[in-house]
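Engineer: This is the structure, below, for whatever I ask next.
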């Protein structure tokens, strides 16, 4: 995208006081952000926004730069960073099924993955060990069939799904509820780095945006729309995952749910979805058989297991068989948080350690 166009789209996206729907209405009236410099266009916009907000918009479009705009333009100069606007050929067509598609998307990684068929995998932030294993296993097998695994980079099921795809060198998209200069939760820093290198991190929120509660339902609609279907692995009644499933159904996507124990609160949300018409799945082929269109073949010989992590520097021994947090591991190993996160991610992908709720770690398997 030419720098002048990029600047104009950013100025519209960063104008305070405008919702996504209002920005879309402004674009519909103006045709393009550049046109907002024209007096006759501004007169039409004033009928929509009122004089005060139209004046603010005009000031942002035509006035001097400001710190957030400068910060974003600098961020875009770094490798792997890009923007997608509604006018871009690479803008994901799937998101146009939403009533309020984002005017602008911030990307870190490979934006071409947005044009491939994906599957949303969502669920509890505090899953059972079996739920986390199911998310990881389903994501790995679906990635081996060429599907892009789409999730929200949260703890629990989201993180397990992303790791499952990474484990087989598959593709995954993490759609986040913050600016892309932040990682939430912080324990997923190494995971975010791995996704940016092997897949794509995506946000509609500007740089610096903190993890506000209202951001996540807004983020979830992108997860719901970007997949050809939505798989709910584990969810309690009232879980945000059920909202994502409903949003997926609203835009015509298939919804799948994995059943669980009748005694588990984390199975009740999935059971409710099944009663509402979601497809019960207990095998990856249940998903593949139900996806619209022809099932994609397994990519034999193309995807290879992730390479083993370098020498773990005694980290595996330091983790041990009892749950331990990152600060304790810093004391035990003498490594920094960053070094530990990188090594622990490699050990997770090998299946040697487990990431537990509360950002604690434990060796996988049984003690000998």
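The values are calculated or read from the model by the stated rules, or taken from the named source; none is laboratory data. What you are looking at is a predicted structure, and each value in this text was computed from that prediction instead of being measured. Please note: Cβ atoms are built from the backbone with ideal geometry, for glycine as well, and neighbour counts cover all protein chains shown.
Engineer: If only one of 54, 62 is touching a helix residue (DSSP H, G or I) at 6+ places or on another chain (Cβ under 6 Å), surrounded by fewer than 15 Cβ atoms within 10 Å (Cβ to Cβ), at pLDDT below 95 and over 30 Å from residue 254 (Cα atoms), which one is it? Spell out how you get there, then give the answer.
Structural biologist: Working: 54 fails: surrounded by fewer than 15 Cβ atoms within 10 Å (Cβ to Cβ).
One residue alone meets the criteria, 62.
Engineer: Looking at (1) surrounded by fewer than 20 Cβ atoms within 10 Å (Cβ to Cβ); (2) modelled with pLDDT of 95 or more, which is the one condition that is false for residue 129?
Structural biologist: Here residue 129 meets the rest and fails (2).
Engineer: Please name all residue pairs, on different chains or six or more residues apart, with Cβ atoms under 6 Å, provided the first residue is in region 12-36 and is part of a helix (DSSP H, G or I) and the second residue is surrounded by fewer than 16 Cβ atoms within 10 Å (Cβ to Cβ) and at pLDDT 95 or above.
Structural biologist: As it stands, the answer is 20/100; 21/100, since those pairs meet every condition given.
Engineer: Quick check on this structure: which one of 196, 235, 224, 165 is under 27 Å from residue 339 (Cβ atoms), at pLDDT 95 or above and crowded, with 24+ Cβ neighbours inside 10 Å? Write out each step before concluding.
Structural biologist: Numbers: 196 fails: crowded, with 24+ Cβ neighbours inside 10 Å; 235 fails: under 27 Å from residue 339 (Cβ atoms); 224 fails: under 27 Å from residue 339 (Cβ atoms).
One residue alone meets the criteria, 165.
Engineer: Can you confirm whether region 204-217 contains a residue that is buried (at least 24 other Cβ atoms within 10 Å of the Cβ), outside any loop (DSSP other than H, G, I, E, B), touching a residue at least 24 places away in the same chain (Cβ under 8 Å) and touching a helix residue (DSSP H, G or I) at 6+ places or on another chain (Cβ under 8 Å)?
Structural biologist: Scanning region 204-217 turns up no residue that is buried (at least 24 other Cβ atoms within 10 Å of the Cβ), outside any loop (DSSP other than H, G, I, E, B), touching a residue at least 24 places away in the same chain (Cβ under 8 Å) and touching a helix residue (DSSP H, G or I) at 6+ places or on another chain (Cβ under 8 Å).
Engineer: Evaluate the following for residue 10: is it closer than 24 Å to residue 107 by Cβ and either surrounded by fewer than 16 Cβ atoms within 10 Å (Cβ to Cβ) or at pLDDT 95 or above (or both)? Quick ask: steps written out before the conclusion?
Structural biologist: Working: closer than 24 Å to residue 107 by Cβ: yes; either surrounded by fewer than 16 Cβ atoms within 10 Å (Cβ to Cβ) or at pLDDT 95 or above (or both): yes.
Criteria met by residue 10.
Engineer: Still on this structure, please answer the following. Given the conditions (1) surrounded by 15 or more Cβ atoms within 10 Å (Cβ to Cβ); (2) assigned to a helix (DSSP H, G or I); (3) touching a strand residue (DSSP E or B) at 6+ places or on another chain (Cβ under 9 Å), report the number of the one that residue 46 does not fulfil.
Structural biologist: Going through (1) surrounded by 15 or more Cβ atoms within 10 Å (Cβ to Cβ); (2) assigned to a helix (DSSP H, G or I); (3) touching a strand residue (DSSP E or B) at 6+ places or on another chain (Cβ under 9 Å) one by one, residue 46 breaks only (3).
Engineer: Out of 105, 73, 96, report the one residue that is out of contact with any helix residue (DSSP H, G or I) (no Cβ under 6 Å at 6 or more places or on another chain) and crowded, with 16+ Cβ neighbours inside 10 Å.
Structural biologist: On the way: 73 fails: crowded, with 16+ Cβ neighbours inside 10 Å; 96 fails: crowded, with 16+ Cβ neighbours inside 10 Å.
None of the other options fit; the residue is 105.
Engineer: Just give me the residues in region 224-257 being out of contact with any strand residue (DSSP E or B) (no Cβ under 7 Å at 6 or more places or on another chain) and assigned to a loop (DSSP other than H, G, I, E, B), in sequence order. Outline the logic, then answer.
Structural biologist: First pass over region 224-257, keeping only residues out of contact with any strand residue (DSSP E or B) (no Cβ under 7 Å at 6 or more places or on another chain): 225, 234-240, 242-243, 246-247, 250-252.
Correct list: 234, 235, 236, 237, 238, 239, 251, 252.
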